[in-house]
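The values are calculated or read from the model by the stated rules, or taken from the named source; none is laboratory data. Quantities reported herein were computed from a predicted structural model and do not represent experimental measurements. Cβ atoms come from the backbone with ideal geometry, glycine included; neighbour counts cover every protein chain shown. Surface areas here come from the heavy atoms of the whole protein model, side chains and all, with no ligands, DNA or RNA. Shrake-Rupley method; radii C 1.70, N 1.55, O 1.52, S 1.80 Å.
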Amino acid sequence: MTDVTAAEQRAIVNRLRRAQGQLAAVITAIEAGGDCRAVVTQLSAVSGAIDKAGFAIIAKAMQDCIANGDKSDKDAPTVAELEKLFLSLS
């Protein structure tokens with residue numbers, strides 16, 4: 001990820017760390033024979049947190065692509081690639 005501010009990176013990493021903790025709780029609950037409703041609810045929260053982090057990453061790439069005209073970095077994803085990534089999260 002290029003051209004990401006420290007605050008943006010911190011927000012994405014924090015979201016992923018929260019998801020990591022939630023996933024650990026899901027694993028622990030499954031191993032302990034936890035209530036299936038609670039496990040699925042927690043799993044849904046993990047999925048949502050990961051999706052939001054992915055959307056934040058793609059949104060930043062799209063902003064960079066628009067601001068730079070998609071020409072400043074030969075390795076930068078194209079609009080089509082970003083669209084495909086975005087749709088892969090839905």
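For the stretch 23-44, enumerate the residues that are open to solvent by less than 40 Å² (accessible area, probe 1.4 Å) and outside any loop (DSSP other than H, G, I, E, B).
Across the stretch 23-44, the qualifying residues are 26, 29, 39.
Do you know which residues across the stretch 1-12 are surrounded by 12 or more Cβ atoms within 10 Å (Cβ to Cβ) and of a type in the set (Val, Ile, Thr)?
Selection gives 4, 12.
Any chance you could count how many residues in the stretch 62-87 are part of a helix (DSSP H, G or I) and touching a residue at least 60 places away in the same chain (Cβ under 8 Å)?
Of the residues in that region, 1 qualify.
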